[in-house]
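Peer 1: Pasting a structure below so you can have a look.
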Amino acid sequence: RPDPVPAAPADPERSSPGREAEAGGAAAAPGRPRTKFSAAQLQELERSFREQRYIGASEKRRLAAVLNLSQGQIKTWFQNRRMKFKRETQDAR
């Protein structure tokens, strides 16, 4: 039987196996471990997010090169940051 929620193979934000209980008991799919962003990387990502919530292809390439991350990691970070922003703004209401 196939897994009901397929995970992207190179998702850097996937939970590590030690966090299975927090994820509702579902086993983490094998793949790359969760990316730990440095303070400098986060500072640049947040600066870019403040300027524009949706990242374009050229800015994604630039950030990937400057921060030594893959474009997929940049894309995923922006997706997750938008969801965090959405939760924060909904909680404020």
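Peer 1: Given 0.36 nm per residue, what is the gain on full extension from F85 to E59 after removing their alpha carbon distance, in nm? Walk me through the numbers on the way to the answer.
Peer 2: Details: separation 26, 0.36 × 26 = 9.36 nm, distance 2.00 nm.
Gain in length upon complete extension: 7.4 nm.
Peer 1: Among 29-36, 72-79, how do they line up by average Cβ neighbours within 10 Å per residue, starting with the highest?
Peer 2: So the peptides 29-36, 72-79, ranked by packing, come out 72-79, 29-36.
Peer 1: Now for a separate question. Roughly how many Å² is the accessible area per residue of the stretch 43-92, as a whole number, for a 1.4 Å probe? Intermediate results must be reported in sequence, preceding the final value.
Peer 2: Numbers: 3380 Å² over 50 residues.
That works out to 68 Å² for each residue.
The values are calculated or read from the model by the stated rules, or taken from the named source; none is laboratory data. Worth saying up front: this structure is predicted, and the values here are computed from it rather than measured. No Cβ is skipped: glycine too gets one built from the backbone with ideal geometry, and neighbour counts run over all protein chains shown. These accessible areas exclude ligands, DNA and RNA; they are computed on the full protein's heavy atoms, side chains included. Shrake-Rupley method; radii C 1.70, N 1.55, O 1.52, S 1.80 Å.
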